[in-house]
Every structure is written in structure tokens, then in C-alpha cells.
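Laboratory data are not the source of any read-out in this text; all were calculated from the coordinates shown. This structure is a prediction, so every number in the text was calculated from the model and none was measured. Virtual Cβ from ideal backbone geometry, glycine too; neighbours counted across all protein chains shown.
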Amino acid sequence: MKYDHDIVIDAGKIKKRKKGPSKSRREEFGHTPLTAAEKIPWDARHLWIGTGLYGKLPVTEDLYKEARRRGVEVLVKTTPELVDLINAGLPAGTNVILHVTC
């Protein structure tokens, strides 16, 4: 399947990433970042984040802080690297956010 928008995989269900809550920080990063203000799928032990083909998606410190508070392990890789890991086998208890547009 092809996607022309960022996606969230939450408990095996694929949804469109709704980045509206993070748009206010776009100028700060030069790109709409991934922040804890978004609807992050926190109900897993692991959160894998694909930062795009060239690693351009900024992940903010508030997201890492919230993950630590919730006991969620975060793995950040470029999207192609993360897709390879997913294809090798997504561990149980892992949700995913993939930046696919750049």
C-alpha cells in the first residue's frame, strides 16, 4: 500500500497522523515536528518513530519526556531504516509513527 501522508500504526491499525497540534512549532524547527501535543499512541511499551527518508522530522524533547514519564521506550530512525525493522518483525507492544512525505 502507498501513503502520501504520515501514518500512525496503533495496535495494528493504520491511521493518518494528525499533526495540527504540532503546527504551531513549525517555525521553531523549519518543519512541523512531532510533539507530545499530538495524539500519540502511548498504550504500548515501545514507540518507533520514522523521521522520513532523510531524517527531517524533528522529534521534540517534550515527546521524549512524556515517553519517559509513561515508561515507553522510543526508537527513532529514518523511515527506510524503520520499515526494514518492521518488515523483519514488529515486536509485540510496539506502536509506530512514520513520516513519509520527505
Which residues, taken from the range 86-102, are surrounded by fewer than 17 Cβ atoms within 10 Å (Cβ to Cβ), touching a Lys or Arg at 6+ places or on another chain (Cβ under 9 Å) and either of a type in the set (A, V, I, L, M) or not in a loop (DSSP other than H, G, I, E, B) (or both)?
-> Ala92
Do we have any residue at all in the range 35-45 that's surrounded by 17 or more Cβ atoms within 10 Å (Cβ to Cβ) and not in a loop (DSSP other than H, G, I, E, B)?
-> no
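Take Lys56 and tell me if it is basic (Lys, Arg), in contact with an Asp or Glu (Cβ under 9 Å, 6 or more places away or on another chain), outside any helix (DSSP H, G or I) and closer than 17 Å to Leu98 by Cβ.
Working: basic (Lys, Arg): yes; in contact with an Asp or Glu (Cβ under 9 Å, 6 or more places away or on another chain): no; outside any helix (DSSP H, G or I): yes; closer than 17 Å to Leu98 by Cβ: yes.
Answer is no for this residue.
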For the range 72-82, what are the residues that are surrounded by fewer than 16 Cβ atoms within 10 Å (Cβ to Cβ) and not in a strand (DSSP E or B)?
-> Pro80, Glu81
Unmet requirement for Ile49, which otherwise passes all of (1) out of contact with any helix residue (DSSP H, G or I) (no Cβ under 6 Å at 6 or more places or on another chain); (2) under 18 Å from Ile9 (Cβ atoms); (3) touching a residue at least 40 places away in the same chain (Cβ under 8 Å); (4) in a loop (DSSP other than H, G, I, E, B) | (4)
Filter result for the condition that a residue is over 16 Å from Thr101 (Cβ atoms) and touching a residue at least 60 places away in the same chain (Cβ under 8 Å), over Asp4, Asp10, Asp62, Asp43 | Asp10
Would you check if there is a residue in the range 49-63 being in contact with a Pro (Cβ under 7 Å, 6 or more places away or on another chain), farther than 17 Å from Lys18 by Cα and not charged (D, E, K, R)?
-> yes
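Does Lys23 count as among the basic types (Lys, Arg), farther than 17 Å from Asn95 by Cα and part of a helix (DSSP H, G or I)?
Values: among the basic types (Lys, Arg): yes; farther than 17 Å from Asn95 by Cα: yes; part of a helix (DSSP H, G or I): yes.
It is true that Lys23 is among the basic types (Lys, Arg), farther than 17 Å from Asn95 by Cα and part of a helix (DSSP H, G or I).
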Given the structure, is Lys13 under 24 Å from Glu73 (Cα atoms), crowded, with 18+ Cβ neighbours inside 10 Å and among the basic types (Lys, Arg)?
-> no
